[in-house]
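Please read the structure below before turning to the comments.
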Amino acid sequence: MPTESYNNNGDPSTLDIEVVNSDSVTPQVEGAEGLPPGRLRPQTDLFVGIGLMLFGAAASFESWRMPRFEHLNVQIFQAPGFVPGLLGLTIAAFGLMILVRSLREGGWQLAAAGTDIGTNLRSIEARRLAILFVITLGYAWGLVGRIPFWAASFVFVLAFILLFDWREASAHSKQVRLLVTASLQAAITAVVISFVFEYIFRVRLP
Amino acid sequence: MLDGLQHLGVGILSLLTVTNLFHVAWATLLGICVGMLPGLTATLGLTLMATLTFHMDASSAILILICMYVGSIFGGSRSAILLNIPGTPANAAVALDGFPLARQGEVGKAMGIATVGAVLGTIVGMLCLAFLAPMLAEVALEFRSFEFFWLAVLGVVISGRLTSNDDPLKGWIAGFIGLLVAMVGQDALQAYPRFGYGNTEMRAGFQLLPVMVGVFGFAELLAVMKQPVYASVKSTSARVIPKVREVVKHWKTIIRSGIAGTFMGLIPGVGEDMGAWVSYALARSRSKEPEKYGQGSEEGLISSQAGCSAAVPGAIIPVLTLAIPGSAPAAVLLAALLIHGVRPGPLIMIESPGFVFEVVAMVLFASIAILVFGLLLTKPLLKVLEVPRNRLMPVVFVLCAVGAFAVNSRLFDVWVMLGFGVFGFVLRELRFPMAPLILGVVLGPILDSNLRRGLTLTDGSLGEFFTRPISAILWITILLTFLMGTKWFPALLGKSWATVTGKNGNRNGDPPLTG
């Protein structure tokens, strides 16, 4: 791994620091080609625009369906659906603007995007995300509220560390060490958080 | 003025107890640690702390939150300087000169200058808070429903514009989605459960804190964990105290940046990152050595850090006087004030004038704390950056689950946190900024109730929304913000200016704006 040292040459007013850099460092926001950095490809924005128009239209439709209480002499702007309806229409209008913009930038050329969805789904990032979704949703939806909080948190923290660090532990001894340290951290996290929140901050736990 | 000084004196004395000083110390330290760690934002730290301090008395809770706020905005500069990864988005400008300065072997100087810049910037902001808050509260007494409606729209529009410079359209969409999210639940006039669909839990709508934990906690965790491991710091030695003359020679820059940062924080929806960028751009335009900016300029570093930190007290000003947040972390502070029974708004200087100056005193104590910790505890604090991400993130998520549950003791809020976490992550991947979304959720009820109340007062006429003086200033500002986000309007303005002045104006390049 590349490292970088900031030396102080013995000057006590500065610091000696060694920074260990891993494979890829700063998460960068990459822009689509020919567009300002941070802008998505027009093909993606095409679907974003359509999605927003549908979302805005659905919100407006649901707002229009809300009761207007005419029998109580309520005026239109006092109706519950007035503001949500306006907001839905505004979002749909913005979605239309995104759609038009993406079409102007060639978003209709879907094949030109050159995106291999299969490759993306099999990428390391996608796998990492899938694992994350499963364990975080499993913890917060599946375990919390059904088993004692300390037990749910212990299982979650242990599973998290093992799932993401196991590959680094190639030798058997490292795996045993990982198991021990992960169990210890999981136990400490579960106990300390439960104790601090319940008895010091007096916050009810799920 | 004398009353103000008296209240400030009382505020300072009230904080000089062992318990309060202990709160100042641990909350600031925790804030610095949260701010340092990429993946933990100031907003998340404040949100979790707001839920933790739910059962404490109001003064202690607000003190802890303010110290954490000041600490976390400062803390982000540590990782910005060392790793070129700002711990919080607010410190992105600090990395521009802090990181190159560190690479030149001046790590200690960079850390020390950033620390002193943060402290002095916070103090300038604090002085502005003390002077401006009472004045703004006086003006705000003239505000009616019409003005509050436009203020809510302004917050969302400006936030959307400035947090997504490459694509303001997506910034505005995020803001309006946030406004729509706030519509879920019982409406203020008829108590009709909007978008409830018969679900009892949905009657109360989405509570702000679980939504914030989801968007700034869970979504951030997903984004951080999606990446491979980031750089970590291995070892340090020695402490850091800059020479006095190294700081004093930048006194004009510090004051200018402090004032600019405060005003950026004051504008609803514009946060600490804009405080840093605007201060940086201003300092560069006035600098005798602008070519050094971006290459390790001390002046650049001190201006960005001072501007960023000054925006914290700046963002507190509209919270106290208008009950409208100046930034996303300030939105948490507002929520906490309301939870603890404080009534921010135009009447605060009449109902509890001492409270405003108590907050000023809290900011002062937090500044002293970051000076002490920033200069004397550099080495131990950097140990925080050695914590492996895979060990830290599960703990953060457990805290997110607890934080979401804590306020109302409802599992539904945990599911709201999950849902908005996934939603926020998807929006981030599609390049929508999060700050306008949250501001929309906060400002939605204000916009809704004031629009309908205003129309009721005028029996449906829109005239007063556009003709009242303050309303006129606000809607014209909103219109200009929209127009400046287009391509043709700035070009048209430029041509018109060239025609009027008879010359082509050269603009200095501005640093990129990030949300």
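What follows draws every value from the coordinates through simple rules; no lab data is involved. Note that the structure is predicted; figures quoted are calculated from it, not measured. Cβ: placed from backbone, ideal geometry, glycine included. Neighbour counts: every protein chain shown.
P(r) tail for chain B: Cα pairs beyond 31 Å make up 43% of the total. When the protein assembly as shown is described by a simple charge dipole with +1 on each Lys and Arg Cβ and -1 on each Asp and Glu Cβ, the residue from B:His55, B:Ser287, A:Val134 located farthest towards its positive end is A:Val134.
Most simply put, the protein assembly as shown has about 90% antiparallel DSSP beta bridges, counting only bridges with both residues inside it.
For peptide B:379-388, the mean count of partner chain Cβ atoms within 10 Å of a residue's Cβ comes to 1. Take each peptide in B:395-408, B:111-124, B:265-278, A:124-137, count the other Cβ atoms within 10 Å of every residue, and average; sorted highest first, the result is B:265-278, B:111-124, B:395-408, A:124-137.
Each pair of Cα atoms in the stretch B:77-219 enters the Kirkwood radius, and Stokes-Einstein at 37 °C and 0.692 mPa s then converts it into a translational diffusion coefficient of 171 µm²/s. Look at the stretch A:187-197: the mean tally of other chain Cβ atoms within 10 Å of its residues' Cβ atoms is 2.
Average projection, convex hull of the Cα set of the stretch A:119-200: 6.4 square nanometres. For the stretch B:254-268, putting each phi into the Karplus relation 6.51 cos²θ - 1.76 cosθ + 1.60 with θ = phi - 60° gives couplings of 5, 5, 4, 5, x, 5, 4, x, 4, 5, 5, x, 5, 5, x Hz, in residue order, rounded to whole numbers and with x for Gly and Pro.
The dipole here belongs to the stretch A:42-113: it is taken about the Cα centre, uses +1 on the Cβ of Lys and Arg and -1 on the Cβ of Asp and Glu, and is about 60 debye.
Between B:Ala223 and B:Val426, residue separation times 0.36 nm minus the direct Cα-Cα distance comes to 72.1 nm. One quarter of the surface of the convex hull around the alpha-carbon atoms of the protein assembly as shown equals 33.4 nm², the direction-averaged projected area. Across the stretch B:87-95, coupling constants 3J(HN,Hα) worked out from phi with the 6.51/-1.76/1.60 Karplus curve, θ = phi - 60°, read x, 10, x, 4, 9, 4, 5, 5, 5 Hz, and Gly and Pro carry x. Is the shape of the stretch B:107-173 rounded, prolate or oblate, going by the alpha carbon gyration tensor and its root eigenvalues a ≥ b ≥ c, with a/c under 1.5 for rounded and a/b larger than b/c for prolate? Taking the square roots of the gyration eigenvalues as a ≥ b ≥ c, the stretch B:107-173 is oblate.
Taking a ≥ b ≥ c as the square roots of the Cα gyration tensor eigenvalues, the stretch B:37-110 comes out prolate, since a/c reaches at least 1.5 and a/b is larger than b/c. Placing unit charges on the Cβ atoms only, positive for Lys and Arg and negative for Asp and Glu, gives the stretch B:258-391 a dipole magnitude near 300 debye about its Cα centre.
Cross-link check: pairs B:Lys288/B:Lys379; B:Lys170/B:Lys495; B:Lys249/B:Lys495 evaluated at a Cα-Cα cut-off of 30 Å; pairs beyond the cut-off: B:Lys288/B:Lys379; B:Lys249/B:Lys495.
Note on chain B: helix-only mean residue ellipticity at 222 nm, from DSSP H runs of 4+ residues weighted -39500 (n - 2.57) and normalised by residue number, equals -23500 deg cm²/dmol.
Packing, as the average of other Cβ atoms within 10 Å across residues, places the peptides A:81-93, B:348-360, A:171-183 in the order A:81-93, B:348-360, A:171-183, highest first. Close amide H partners of B:Arg194, meaning residues 5 or more places away or on another chain with modelled amide H under 5 Å apart, are B:Gly185, B:Gln186, B:Asp187. Each Lys and Arg Cβ is given +1 and each Asp and Glu Cβ -1; about its Cα centre, chain B then shows a dipole of about 1280 debye. Rounded to whole numbers, the Karplus 3J(HN,Hα) couplings from phi for the stretch B:41-58 are 9, 4, 5, 5, x, 5, 4, 5, 5, 4, 6, 5, 8, 3, 9, 8, 6, 4 Hz, using 6.51 cos²θ - 1.76 cosθ + 1.60 with θ = phi - 60°, and x at Gly and Pro. Counting only other chain Cβ atoms within 10 Å of each residue's Cβ, the peptide A:124-133 averages 3. Sorted on the mean count of surrounding Cβ atoms within 10 Å across their residues, most packed first, peptides B:54-64, B:71-81 read B:71-81, B:54-64.
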